[in-house]
Amino acid sequence: MARYTPPPQSKLGQIFDVIVLLALTVGALYIPLWLGMAGSAQLHDTVDAPSWESLQQNATMVEQWAKLGFADAEAAAPLITARFDYSFSFFALIAVIVTVLGYYTMMLKLSEKEYRDVIAEKFGEE
Amino acid sequence: MSDITRNTPGIAEASEAAPTQNGGLLRVLGPAHIWALGVGIVLVGEYMGWNFAVGKGGAYAALIACWFAGILYSCVAMIDSEVTSTVAAAGGQYTQAKHIIGPLMAFNVGLYLVFAYTMLEAANAITVGFLVETVAGMTGHEGLNPQPFIVLAIMFLAWLNYRGVLATLTFNLVITAFAFTAILILFLATSPLFGESPLKHAELMTGLPYGWLGVLAAMHFGLWFYLGIEGTCQAAEEVRSPSRSLPFGTLAGVMTLAIAATLTWYLCVGLMPWEYLGQSGAPLFDAARMSGSTALTVLLGIGTLFATLASANGCINDASRAWFAMGRDHYLPSWFGAVHPVYRTPYRSIIFLVPIALIFALGAPLDQVITFSILSGLLEYTFMPLNVIMFRRKWPLDTIKRGYEHPFHPVPAIVLLCLCGITFFAVFLGYGTQLVAMIAFYIVVSLWFHFRRYRFVQRAAQFTMPWPKPQGY
């Protein structure tokens with residue numbers, strides 16, 4: 001197999017590639033944050049005039065909350081009532097599974113194509 | 001023959017006798033440094049972050065997640081030890097992927113490593129800031145701005161990494177040992193062995209607030225107990241004896257962490273209501289405060305600080321090695337593949353990753369940063385079983401000499417793949433948007449690499465191991 005000779009890359013081209021990669025990275029991690037789509041799906045039950053009893057906290061728990069700096073039930077209520085919402089649609093789950101499997105399949109197939117070229121050039125075609 | 005190929009187990013004597021490589025990284029590390037690198041990166045997981053598993057499923061769910069994550073990481077350590085002790089080169093799993101699966105997979109694995117470690121470094125810096133702010137509040141200095149401390153921590157550790165790997169990892173060894181000892185002292189001091197104990201498990205423990213679904217969901221942050229232990233592989237090109245040091249350091253690290261994780265869980269759930277613990281910023285520090293002892297509070301405050309610094313230190317070390325290795329292979333601009341002429345460190349990669357860590361440490365919430373790190377780690381762990389299965393198929397045991405052969409193949413690979421599938425579902429429960437955003441990112445950068453960047457990469461030159469032609473090609 002003929003040896004592949006990569007084209008030289010200009011400094012400007014190298015800088016451009018790094019900027020593209022950086023933009024994609026920051027975008028992937030920050031766009032969900034900016035759109036308010038990121039973060040845990042936590043819900044807060046609003047409790048009117050919460051008491052330790054209504055928040056189902058026993059005497060020991062109340063004592064520990066006090067040591068942590070939560071003097072009354074009202075201060076601790078937002079933490080105690082925070083709950084994750086684990087409801088999900090079957091469609092969303094399937095979409096995520098397809099995305100993950102599709103990603104690995106695409107990557108393995110394209111990698112295999114590249115790898116065959118590497119091996120052919122390194123060891124020669126049989 | 002390249003420097004890397006001289007480092008294979010079959011011809012290790014020559015490389016092990018030489019402390020340095022011409023123009024390469026300095027070969028000075030022993031098994032204790034490998035242990036310190038692995039445990040140093042991860043031990044911070046006991047000081048912060050793991051407790052979000054309590055928030056996702058309750059106290060018992062976090063313990064179950066901790067043990068299942070322990071199984072997951074035992075598989076990771078077994079697989080990694082075999083492949084890394086054979087492919088002993090900077091870049092760790094990136095270099096493995098390049099030789100075993102292919103360039104695009106390698107590029108993705110390199111990015112997994114860089115983002116997992118850089119996000120973990122950012123999370124550590126956030127915790128340093130949070131700790132300083134908390135201590136300032138406790139001493140009457142309310143409203144202290146933590147951001148200068150975040151910047152200072154990252155800059156100081158980057159400078160330490162710039163100056164040399166031996167000093168960096170020796171520093172890690174000392175502060176990791178201190179942080180681990182602090183957990184043991186807190187456990188002994190609060191246990192019923194020495195008089196009255198402040199632990200109140202019977203009164204504070206509740207059932208499973210989300211049922212068994214919460215146990216599955218807790219696996220998401222259960223990974224945080226151990227995340228980063230696979231970073232030991234990044235030092236493969238800098239250890240004196242890869243075939244001995246890497247398996248020993250990595251497996252000893254997993255055992256150390258399993259013990260520390262269980263002790264941490266036991267202490268914290270016996271002192272705090274699960275609703276608080278599940279959202280705490282520094283749970284072990286909180287546990288020390290709850291013990292009522294000023295000495296323990298100071299000890300665990302210093303322990304938290306040291307654990308975060310050790311972790312951030314190891315993360316800078318590992319992320320820069322992965323970035324350096326990709327630059328050296330032209331997967332990224334070759335400018336990053338330079339080694340410092342005096343300190344023999346990948347200094348350009350170290351400097352380049354500093355602002356990226358700062359962007360996230362100063363701008364994103366802790367649980368988001370941790371989730372980004374976990375997701376990159378999870379994608380990497382999913383690659384590992386595929387990697388070892390292909391490794392054994394392409395080069396069966398009798399074709400090349402391995403530094404270590406992991407037992408029961410392919411059971412660890414299958415178990416790891418199943419546990420990764422469960423963890424993907426756990427992340428989907430509550431953080432599904434990040435999961436999709438992250439996968440979308442990797443799909444886009446994969447296409448960018450395959451159709452643009454790869455044209456600048458030499459083909460045969462990527463394959464540097466002195467191995468025979470893989471079977472099936």
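What is the percent carbon and sulfur in the accessible area of the range B:33-456, measuring with a 1.4 Å probe over the protein chains and ignoring ligands? Looking at the range B:33-456 in its full context, I get 72 percent from C and S.
Inter-chain Cβ neighbour count for A:19-28, averaged per residue, equals 5 (cutoff 10 Å, partner chain atoms only). Between the Cα long axis of helix B:347-363 and the first principal axis of chain B there is an angle of about 30°, rounded to the nearest 10.
Interface burial in the range B:432-446, defined as at least 40 Å² less accessible area with all protein chains than with the chain alone at a 1.4 Å probe, covers B:Thr433, B:Ile439, B:Phe441, B:Ile443.
Solvent-accessible area of B:Cys418, all protein chains in place: 80 Å² (probe radius 1.4 Å, heavy atoms, ligands and nucleic acids excluded). Once backbone amide H atoms are built at 1.01 Å from N, B:Val239 has B:Leu29 as its partners under 5 Å, excluding neighbours fewer than 5 places away on the same chain. Positive-end ranking of B:Pro198, B:Ser320, B:Thr433 along the dipole of the range B:33-456, with charges on Cβ about the Cα centre, is headed by B:Ser320.
Inter-part distance, the range B:102-168 to the range B:331-395, computed on C-alpha centroids, equals 14 Å. Counting heavy atoms of the protein chains alone, A:Ser54 has an accessible area of about 70 Å² for a 1.4 Å probe.
Cα-Cα over 27 Å: which of B:Lys56/B:Lys200; A:Lys11/A:Lys122; B:Lys98/B:Lys401; A:Lys11/B:Lys469? Check vs 27 Å cut-off fails for A:Lys11/A:Lys122; A:Lys11/B:Lys469. When only alpha carbons are used to place a centre, the range B:239-279 and the range B:173-237 end up 6 Å from one another. Remark: chain B carries a charge dipole of roughly 1500 debye about the Cα centre, counting +1 on each Lys and Arg Cβ and -1 on each Asp and Glu Cβ. Across chain B, Cα pairs under 8 Å and at least six residues apart give a relative contact order of 33 percent. Here the convex hull built on the C-alpha positions of the protein assembly as shown has a volume of 150 cubic angstrom per residue. A Förster distance of 60 Å, applied to the separation of the beta-carbon atoms of B:Val174 and B:Tyr473, puts the FRET efficiency at 0.80. Sorted largest first by accessible area at a 1.4 angstrom probe radius, with every protein chain in place, the residues B:His450, B:His99, B:His330, B:His141 fall in the order B:His141, B:His330, B:His450, B:His99. When chains B and A come together, the accessible area they lose, probed at 1.4 Å and totalled over both chains, is close to 7200 Å².
Compared with the direct C-alpha span, the chain from A:Ala92 to A:Trp34 gains 18.7 nm at full extension, assuming 0.36 nm per residue. Taking the Cα centre of the range B:191-347 as reference, the dipole from Cβ charges on Lys and Arg (+1) and Asp and Glu (-1) amounts to some 360 debye.
On the basis of the beta-carbon distance and an R0 of 56 Å, A:Asn58 and B:Phe408 show a calculated FRET efficiency of 0.75.
Neighbouring Cβ atoms from other chains, within 10 Å of the Cβ of residues in B:364-373, number 3 on average.
Only DSSP H runs of four or more residues enter the estimate; each adds -39500 (n - 2.57), and after division by the residues of the protein assembly as shown the mean residue ellipticity at 222 nm equals -22500 deg cm²/dmol.
If r is the Cβ-Cβ distance from B:Val298 to B:Cys418 and R0 is 56 Å, what FRET efficiency results, to the nearest 0.05? Between B:Val298 and B:Cys418 the formula returns 0.80.
The mean number of partner chain beta-carbon atoms within 10 angstrom of a residue's beta-carbon across peptide A:61-74 is 3. Between the Cα long axis of helix B:103-138 and the first principal axis of chain B there is an angle of about 30°, rounded to the nearest 10. Applying the Karplus relation 6.51 cos²θ - 1.76 cosθ + 1.60 with θ = phi - 60° to the range A:61-78 yields 3J(HN,Hα) values of 4, 4, 4, 5, 4, 4, 5, 7, x, 9, 6, 9, 5, 4, 5, 7, 3, x Hz, where x marks Gly and Pro. With all protein chains kept in place, the per residue accessible area of the range A:1-111 amounts to 59 square angstrom at a probe of 1.4 angstrom. Rolling a 1.4 Å probe across all protein chains gives B:Leu166 an accessible area of roughly 80 Å².
In the range B:135-163, whose amide N lies under 11 Å from the spot 7 Å out along Cα-to-Cβ of B:Val342? List them in ranges. Correct set: B:163. Evaluated with a Cβ-only charge set (Lys, Arg +1; Asp, Glu -1), the protein assembly as shown carries a dipole of roughly 2160 debye about its Cα centre, given to the nearest 20. Largest accessible area first, the listed residues B:Met255, B:Met438, B:Met155 line up as B:Met255, B:Met155, B:Met438 when surface is computed with a 1.4 Å probe on the assembled protein chains. Mind checking the angle between helix A:11-34 and chain A's longest principal axis? C-alpha axes, 0 to 90 degrees, to the nearest 10. Compared with the principal axis, the helix lies near 30 degrees.
Based on protein heavy atoms only, the range B:33-456 ends up with 28 Å² per residue of surface accessible to a 1.4 Å probe.
Among B:376-389, B:204-217, sorting by the average number of other beta carbon atoms lying within 10 angstrom of each residue, highest first, gives B:376-389, B:204-217.
The values are calculated or read from the model by the stated rules, or taken from the named source; none is laboratory data. The model shown is predicted, which means the values in this text are computed figures rather than measured ones. So basically every Cβ, Gly included, is an ideal-geometry build from the backbone, and we count neighbours across all protein chains shown. In case anyone asks, the SASA skips ligands and DNA or RNA and just uses the protein heavy atoms, side chains included. Shrake-Rupley method; radii C 1.70, N 1.55, O 1.52, S 1.80 Å.
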